[in-house]
Amino acid sequence: MGDTGDVQLHVRVEGDQGSAGPTKDSIPSNETPPPPSKLRHWRWWLMVALNICFLLAGQTVGVLLGRLYYNEGGNSKWMATVVQSAGFPVLFIPLLLYPSPPASTATVARPSIVKVAVICICLGLIIAGDNLMYSYGLLYLPVSTYSLVCATQLAFNVVFAYFINSQKFTSPILNSVVLLSFSAALLGSQSDSEDSANVPKGKYPLGFVLTLGASATYSLALCLLQLAFQKVLKTETFSVVLWIQICTSFVATIASVVGLFASGESSGLHGEMEVYGKGKVSYLMTLVWTAVAWQVSSVGVVGLVFVVSSLFSNAVSTLALPLVPIFAVVFFHDKMEGVKIIAMLIAIWGFVSYIYHHYLDDKKTKKAIAIDAE
């Protein structure tokens, strides 16, 4: 990840071709190997596609199971916060499957353990607070409204990325920010008019503000993570990204567990399990699979931060926007009034605007590489 955002990754993928391709002596004279640059470009897009699938599937399932927990009798905001980070051991699976390549002798000096620890602790605490705000938002809002408000994280990320990561600010990105802001404003204007079942009455404004704050905090955390790799860690291996995610999730889990016991909500968990609408086993499975889903999503998040940028990772996250409300209508009977439909269409338009920006960057990069090759 570099200061030039999305374009830099394409240049890096294309520019490293000489170090990884097969040597001339190892290829029989009667065979023509595929161009290394094309092979690397194909692998880059495959990695992007896999991470997009992880992010969309994990985020959609995580939000729906979180709402199911509240609908069936769960009421602990801190428990809902714990499960958003407690599934971090799942990340050891991709860590074992995709180990880092041997370090080069030209690799820059590693940062001190103290600096890495400070980064993980600070990010972990930010994530714990962010997860708590998301837990309150999911309790106080219908899941369809909740997911639409979360789409504003892309707008926040654009602003934070501009000031923190020197991300360029183009007209399609600006258009995306404006559209997502309008979408959130439309939803905010609904206020107490929401009457969805299982949502506490009169809590809509608080849920809206907390979800909006959580979206901003999430975007800030991603930009700070990217900055840490640029300025401190200075390492671009997927396993290192996973290690940072594991460490920050561990800190977030510890902080959430402390909050669970300090708030006194831990004493009510047994009773909560007893009265859970679908039974004790379903209660445990809901929590377990919620934790797994959020970690699958986190693999996609950190993968896209590593392969592209924090801004692109957030843009893909908004792609779940039309998925969650549709499933919410089917499973939780959320209402989709005209205001919500308009807000969803505006937000989708904002997402497409950003994707168009990325397409233009990709096209420009390919043209520059072709000119250099000549």
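The numbers here are math on the coordinates, done by the rules we state, and not lab data. It should be emphasised that the depicted structure is a prediction, and the values quoted were computed from it without experimental measurement. Neighbour counts run over all protein chains shown; Cβ positions are idealised from the backbone, glycine included.
Numbers below:
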read-out	value
Packing-based exposure ordering (other Cβ within 10 Å, fewest first) of TYR218, TYR354	TYR218, TYR354
Under 27 Å from LYS115, Cα to Cα: lysines that are on another chain or at least 8 residues apart	LYS231, LYS234
Peptide ranges 273-281, 119-127 listed from the most packed, as the mean C-beta count within 10 angstrom indicates	119-127, 273-281
Table column - 3J(HN,Hα) (Hz), the stretch 293-298, Karplus curve with 6.51, -1.76, 1.60, x for Gly and Pro	4, 5, 6, 4, 4, 5
HN-Hα J in Hz across the stretch 52-59 - Karplus 6.51, -1.76, 1.60, θ = phi - 60°, x for Gly and Pro	4, 4, 4, 5, 5, 5, x, 5
Ranking of ASP130, ASP372 by count of other Cβ atoms within 10 Å, fewest first	ASP372, ASP130
Gap separating the Cα centres of the stretch 291-356 and the stretch 225-261, nearest whole Å	23
Local electrostatic count, GLU72, Cβ distance below 11 Å [Lys/Arg +1, Asp/Glu -1]	+1
Over the stretch 251-359, volume per residue of the alpha carbon convex hull, in Å³	147
The stretch 212-272 shape via C-alpha gyration tensor axes, a/c threshold 1.5	prolate
Exceeding the 20 Å Cα-Cα cut-off - candidates LYS201/LYS278; LYS203/LYS280; LYS77/LYS280; LYS278/LYS340	LYS201/LYS278; LYS203/LYS280; LYS278/LYS340
HN-Hα J in Hz across the stretch 237-252 - Karplus 6.51, -1.76, 1.60, θ = phi - 60°, x for Gly and Pro	10, 5, 5, 5, 4, 5, 4, 5, 4, 4, 5, 5, 5, 4, 4, 4
